[in-house]
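Enquirer: One structure follows; several queries about it will come next.
The values are calculated or read from the model by the stated rules, or taken from the named source; none is laboratory data. Values in this document were obtained by computation on a predicted structure and should not be read as measured data. Ideal geometry is used to build each Cβ from the backbone, glycine not excepted, and the neighbour counts take in all protein chains shown. Accessible surface is based on the protein model in full, side chains and every heavy atom, while ligands, DNA and RNA are left aside. Shrake-Rupley method; radii C 1.70, N 1.55, O 1.52, S 1.80 Å.
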Amino acid sequence: MIRFYMTFLFLSFLSFSLCSQEEALSRFQAANQSYEEAQYDSSIAAYQALLAEGYSAADLHYNLANAYFKTNQIASAILHYEKALKIDPTHEDAAFNLKLANEKTIDRIESIPELFIYRWWKTIVNLFSYDQWATFIPFLLIIGLLGFALYLFLDVMALRKLGFYTALLCLFLSLLSWFLAHRQSHYLNKTQFAIVMDPTVNINSSPSAGSSKLFVLHEGTKLKVEEEKEKWIKVSLPNGNEGWIKKSLVGVI
């Protein structure tokens, strides 16, 4: 199911605009209509045109992924579901559809077990998006200042204590929100993943076509990008295996 809600919010946070917001909104809605009418190739072209002009939002990638999924282009669908979740980790529809798309891939790679505390921390960091964490900060600071004002100007001891502890709690929560927003920003800007786009690819031992082949992967498999060297990237898998692959064979999230 495509997402129509928050369309105006989607347009409000565009990176830059090569046409008016009104025209962009019209094109976005037209692409959605093409999808509803099962004209998936047309909707894909329209969504891609918006992306090519610099527009980017979770729902845009999500709708594009759905169109790719309908045309059985699984690797492209996975790539754009992942991009939607990178922008908005709380996008439940994208997370659900990503699971459906992953079930159609060939490779089944077991992850190295993570410590409970690490899994718990990742869950906390991804509980909200970067923008949402950042939005909490001024709200908490305002509540904290109001609490501090109660402490300074009221004579009733119970209310002064309430104001004092409220101010301390809001200060702590605002600092925590800032830190979590920072971690989200680090994830968005520093950590890179990629999706295998070709049906079958070789993972090499070094960034050279003549190097030995370590193993084979198939389209839709998610890789972590560790290093780039000219036309090659070094990637790792959840099971710890590493190797080199041509950059042209993957789509970077």
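Enquirer: Select, from 152, 175, the only residue that is of a type in the set (A, V, I, L, M, F, W, C) and more than 24 Å from the chain's Cα centre (by Cα).
Expert: Numbers: 175 fails: more than 24 Å from the chain's Cα centre (by Cα).
One residue alone meets the criteria, 152.
Enquirer: Being in contact (Cβ under 8 Å) with a residue 24 or more places away in the chain and either in contact with a strand residue (DSSP E or B) (Cβ under 7 Å, 6 or more places away or on another chain) or open to solvent by 40 Å² or more (accessible area, probe 1.4 Å) (or both): is that true of residue 99 here? Break it down stepwise before answering.
Expert: Working: in contact (Cβ under 8 Å) with a residue 24 or more places away in the chain: no; either in contact with a strand residue (DSSP E or B) (Cβ under 7 Å, 6 or more places away or on another chain) or open to solvent by 40 Å² or more (accessible area, probe 1.4 Å) (or both): yes.
Judged against the criteria, residue 99 is not a match.
Enquirer: Could you look through region 215-253, keep only residues that are part of a strand (DSSP E or B) and in contact (Cβ under 8 Å) with a residue 60 or more places away in the chain, and pick out the one that is farthest from residue 202 (Cα to Cα)? Give the steps one after another, and end with the answer.
Expert: From region 215-253, those part of a strand (DSSP E or B) are 215-218, 222-229, 232-236, 242-246, 250-252; that's our starting set.
Now drop any that are not in contact (Cβ under 8 Å) with a residue 60 or more places away in the chain, which leaves 217-218, 222, 251-252.
Details: 217: 6, 218: 9, 222: 14, 251: 15, 252: 17 Å.
Applying the filter and picking the extreme gives 252.
Okay, residues lined up against (1) modelled with pLDDT of 95 or more; (2) more than 28 Å from residue 143 (Cα to Cα):
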{"position": "161", "(1), (2)": "no, no"}
{"position": "179", "(1), (2)": "no, no"}
{"position": "185", "(1), (2)": "no, no"}
{"position": "191", "(1), (2)": "no, yes"}
{"position": "203", "(1), (2)": "yes, yes"}
{"position": "217", "(1), (2)": "yes, yes"}
{"position": "229", "(1), (2)": "no, yes"}
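Enquirer: Right, here's the next one. Could you check how many residues of region 86-138 are among the acidic types (Asp, Glu), part of a loop (DSSP other than H, G, I, E, B) and modelled with pLDDT under 90? Working first, answer last.
Expert: Restricting attention to region 86-138, the residues satisfying the condition of being among the acidic types (Asp, Glu) are 88, 92-93, 103, 107, 110, 114, 131.
Okay, now just the ones that are also part of a loop (DSSP other than H, G, I, E, B), so 88, 103, 107, 110, 114.
Add one more test, that the residue is modelled with pLDDT under 90, and what stays is 88, 110, 114.
Counting residues in region 86-138 that are among the acidic types (Asp, Glu), part of a loop (DSSP other than H, G, I, E, B) and modelled with pLDDT under 90 gives 3.
One line per residue, one yes/no per condition, for (1) free of Cβ contacts under 8 Å to residues at least 12 places away in the same chain; (2) open to solvent by 70 Å² or more (accessible area, probe 1.4 Å); (3) farther than 15 Å from residue 126 by Cβ; (4) in a helix (DSSP H, G or I):
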| residue | (1), (2), (3), (4) |
| --- | --- |
| 149 | no, no, yes, yes |
| 152 | yes, yes, yes, yes |
| 162 | no, yes, yes, yes |
| 165 | no, yes, yes, yes |
| 170 | no, no, yes, yes |
| 174 | no, no, yes, yes |
| 185 | no, no, no, yes |
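Enquirer: Of the conditions (1) farther than 17 Å from residue 186 by Cα; (2) under 17 Å from the mean Cα position of the chain (by Cα), residue 166 satisfies every one except a single condition; which number is it?
Expert: Unmet for residue 166, out of (1) farther than 17 Å from residue 186 by Cα; (2) under 17 Å from the mean Cα position of the chain (by Cα): (2).
Enquirer: Mind checking which pairs have a first residue in region 30-54 that is at negative phi and a second that is open to solvent by 50 Å² or more (accessible area, probe 1.4 Å), Cβ under 6 Å, 6 or more apart or different chains?
Expert: As it stands, the answer is 34/42; 40/70; 53/18, since those pairs meet every condition given.
Enquirer: Give the residues of region 18-44 that are within 20 Å of residue 84 (Cα to Cα), among the aliphatic types (A, V, I, L, M) and open to solvent by 60 Å² or more (accessible area, probe 1.4 Å), sorted by residue number.
Expert: Of everything in region 18-44, nothing turns out to be within 20 Å of residue 84 (Cα to Cα), among the aliphatic types (A, V, I, L, M) and open to solvent by 60 Å² or more (accessible area, probe 1.4 Å).
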